[in-house]
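Trainee: One structure, pasted below without further comment.
The values are calculated or read from the model by the stated rules, or taken from the named source; none is laboratory data. The structure presented is a predicted model; accordingly, all values stated were derived computationally and were not measured. Methodologically, a virtual Cβ is constructed for each residue, glycine included, from the backbone with ideal geometry; neighbour enumeration extends over all protein chains shown. Only protein heavy atoms, including side chains, enter the accessible area calculation; ligands, DNA and RNA are left aside. Shrake-Rupley method; radii C 1.70, N 1.55, O 1.52, S 1.80 Å.
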Amino acid sequence: TSPSWSPDGSQIAFVSSRSGEPHIYTMSADGTNQTRLTFQGNYNQTPDWSPLGNVIAFTARDERNRFDIFSVNIQTKKITRLTQNQGNNEEPSFSPDGRLMVFVSDRAGKDDLYNMNADVSHQMRITSGPGEYMTPSWSPWFD
């Protein structure tokens, strides 16, 4: 589930529970060379490939049953936690230039959209008011 194309279109990141729990995998665009990327955690989902092609951001459930945003380096498979101790944080999406990331968080009591710099600094709510927001995605036209 949750396919995400690499910037050059040669690979797809996706979620599979073939190991018993949802984890992030990659494969060639033709479906060959399927490789598991995440081995930590027990529920990894919603991958989004960075425009530089070196990192995939994703949502994972942590040891406290909360959802946070993590990233995995494609080459080293090193996982980095990007959010923590601020409610549930899910569904990351990189901006076309890779400098920003938008995501959903319930840290203010309901699902709103937040953005942050790719280095995880300056997290800021960008929606408010009635209703809830889910599944953000950047337009390819970003100046």
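Trainee: Evaluate the chain: find the radius of gyration of its Cα atoms, find its Kirkwood radius, and give the ratio Rg to Rh.
Mentor: 0.96
Trainee: Under a point spin-label approximation (7 Å from Cα along Cα-to-Cβ), what is the Leu52-Gln40 distance to one decimal in nm?
Mentor: 1.9 nm
Trainee: Which order do you get for Met27, Met116, Met134 if you rank them by accessible area with a 1.4 Å probe, largest at the top?
Mentor: Met134, Met27, Met116
Trainee: Using the 2.2 N^0.38 Å rule of thumb for compact globular proteins, work out how the range 36-117 stacks up: its C-alpha Rg over that value, please.
Mentor: 1.03
Trainee: Rg(Cα) of the range 13-79 divided by 2.2 N^0.38 Å?
Mentor: Its radius of gyration relative to the 2.2 N^0.38 Å reference: 1.05.
Trainee: Now a separate question. Just to be sure I understand the model, the point goes 7 Å from the Cα along the line to the Cβ. What's the resulting Thr76 to Ser10 distance in nm?
Mentor: 2.2 nm
Trainee: Length gain on complete extension for the stretch Ser139 to Asn65, per 0.36 nm per residue less the alpha carbon to alpha carbon distance?
Mentor: Stretched out fully, the Ser139 to Asn65 stretch lengthens by 23.5 nm.
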